[in-house]
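Data block below; observations after.
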């Protein structure tokens, strides 16, 4: 049996949730702050908590009332949960290749900053029933770029002292978290899901792949 724990980021790595942000954030900001938001303005915020999107645009309009940010975030959360499984989808190869990875790994799971109160739509997706674990953002004290979620996964599912990990993600915080782990964890760049490929590669990941299928094939060859 392999001694490798394969850990995957969720949004931007396993599932494409970008439409939820592109279609959900701008109208909410416009209603509450009277400001138009372009797709380009959203991209530098990618990988942050959703609430930080609204806090950022509140600062841009000199709105200093945290209650306004709270209302925007609450409205977005309702939109997000209602439309999650119609506006988001697994990336190409995820559903087909996931079983191959699982057969060649000590454990296969998800480590994400997404909090557990936004987990329900994910658990309705078919692929989610066939991974070994989820570590949600509110299960650890510190979120990425700190390695707490990765370390917790390795503690629970590493099994033996010689176990190593692979962490796959689409943004710079993912790479930083993998590199900061107290366990031997390879940082793998998911170029198929990132909007900031150059910045991701500037982090000098241990490996980088342009498709989920390419990543899966690499995992299999490493364990054979």
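No lab work stands behind these numbers, since they all come straight from the coordinates. Computed from a prediction, not measured in an experiment: that's the story for all the values here. A quick note on method: Cβ atoms are made from the backbone with ideal geometry, for glycine too, and the neighbour counts reach across all protein chains shown.
Quick check on the chain: of the DSSP beta bridges with both residues there, what percent are antiparallel, nearest 5%?
Approximately 10 percent, going by the DSSP bridge assignments.
Would you mind telling me which residue in 153, 178, 120 has the biggest mean-square fluctuation in a Gaussian network model of the chain, where springs connect alpha carbons within a distance under 10 angstrom?
Among 153, 178, 120, the largest mean-square fluctuation in the Gaussian network model of the chain belongs to 120.
Connecting C-alpha atoms closer than 10 Å in a GNM of the chain, tell me which of 72, 175, 123 has the biggest fluctuation.
The residue that fluctuates most here is 123.
Using mean Cβ contacts within 10 Å as the protection proxy, how do 29-41, 203-215, 107-119 order, highest first?
107-119, 203-215, 29-41
Quick one: if you stick a label point 7 Å off each Cα along the C-beta vector at residue 127 and residue 95, how many nm between them?
Distance between the two pseudo-spin positions: 1.0 nm.
What does the helix-only formula give at 222 nm for the chain: each DSSP H stretch with n ≥ 4 adding -39500 (n - 2.57), the total divided by the residues, and the result rounded to the nearest 500 deg cm²/dmol?
When only DSSP H runs of four or more count, the value is -14000 deg cm²/dmol.
Kirkwood Rh, Cα Rg: Rg to Rh for the range 75-153?
0.99
In percent, how large is the relative contact order of the chain, given Cα pairs closer than 8 Å and 6 or more residues apart?
After rounding, I find 26 percent.
What percent does the relative contact order of the range 9-76 come to when contacts are Cα pairs within less than 8 Å and at least six residues apart?
That works out to 31 percent.
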